[in-house]
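J.: Supplied in structure tokens, the structure appears directly below.
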Amino acid sequence: MSSDFEGYEQDFAVLTAEITGRIGKVPKLLGDEKKQLIANVEKQLEEARELLEQMELEVREIPPQSRGMYSSRMRSYKQEMGKLEADFKRSRIAYSDEVRNELLGDDGNSSENQLIKLREERAHLLDNTERLERSSRRLEAGYQIAVETGSSRTGF
């Protein structure tokens, strides 16, 4: 049972990493290529939601005494999913602003637009830093669990 959960976890980790990379590419692309990428990210977000649902079902099947660790991991994954959806929404808003500016003939060279772009870039960098810190904490927690599991199996 927990092996199914761990398989879903691995799939979720790979999928969220792909989504994160693609979200970062959205502002850099143009036209049909950008529209295609947005459609792909939407599909991947739906897949990630489905994986979360599967993981929740697996957690419900785990005996109550073992469920706490898995429940806390699920909370973390749900938070990560919410963050990905918010990042994607922001990238789409930036995309909408670019389309609007293109249609209105705004070349984006005004100082106000440059300031807005700098603020957006700063926010994006802060978000990425926060995501890296969260991932590092999760990896450290996973490492600690692995160490504890390994030492309890060897009898130390």
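J.: Could you work out the local net charge near GLN36, counting Lys and Arg as +1, Asp and Glu as -1, over the other residues with Cβ closer than 13 Å to its Cβ?
T.: Numbers: positive: ARG22, LYS25, LYS34, LYS35, LYS43; negative: ASP32, GLU33, GLU42.
It works out to a net charge of +2.
J.: A follow-up question, please. From the Cα gyration tensor of the range 13-52, with a ≥ b ≥ c the square roots of its eigenvalues, which class applies: rounded if a/c is under 1.5, or else prolate if a/b is larger than b/c, or else oblate? Walk me through the intermediate numbers first.
T.: Numbers: a/c = 4.08, a/b = 1.86, b/c = 2.19.
Because a/c hits 1.5 or more and a/b fails to exceed b/c, the range 13-52 counts as oblate.
J.: May I have the pair-distance distribution P(r) for the range 3-106, computed from all Cα-Cα distances with 5 Å bins from 0 and rounded to whole percent?
T.: Bin by bin from 0 Å, the calculated values are 2, 12, 22, 19, 13, 10, 8, 6, 4, 3, 1, 1, 0.
J.: Kindly report the accessible area of the range 1-57 per residue (heavy atoms of protein chains, probe 1.4 Å, no ligands, DNA or RNA), in Å². Write down the numbers at each step before the final one.
T.: Values: 3250 Å² over 57 residues.
Here the residues of the range 1-57 average 57 Å² of exposed surface.
J.: Read phi for every residue in the range 68-74 and hand back ³J(HN,Hα) as whole Hz from Karplus 6.51 cos²θ - 1.76 cosθ + 1.60, θ = phi - 60°, with x for Gly and Pro.
T.: Each residue of the range 68-74 in turn: x, 4, 5, 5, 5, 5, 5 Hz.
The values are calculated or read from the model by the stated rules, or taken from the named source; none is laboratory data. Since we're looking at a predicted model, the values are computed, not measured. Glycine also receives a Cβ, built like all others from the backbone with ideal geometry; neighbour counts cover every protein chain displayed. To get the accessible areas, we keep the full protein, side chains included, count just its heavy atoms, and leave off ligands, DNA and RNA. Shrake-Rupley method; radii C 1.70, N 1.55, O 1.52, S 1.80 Å.
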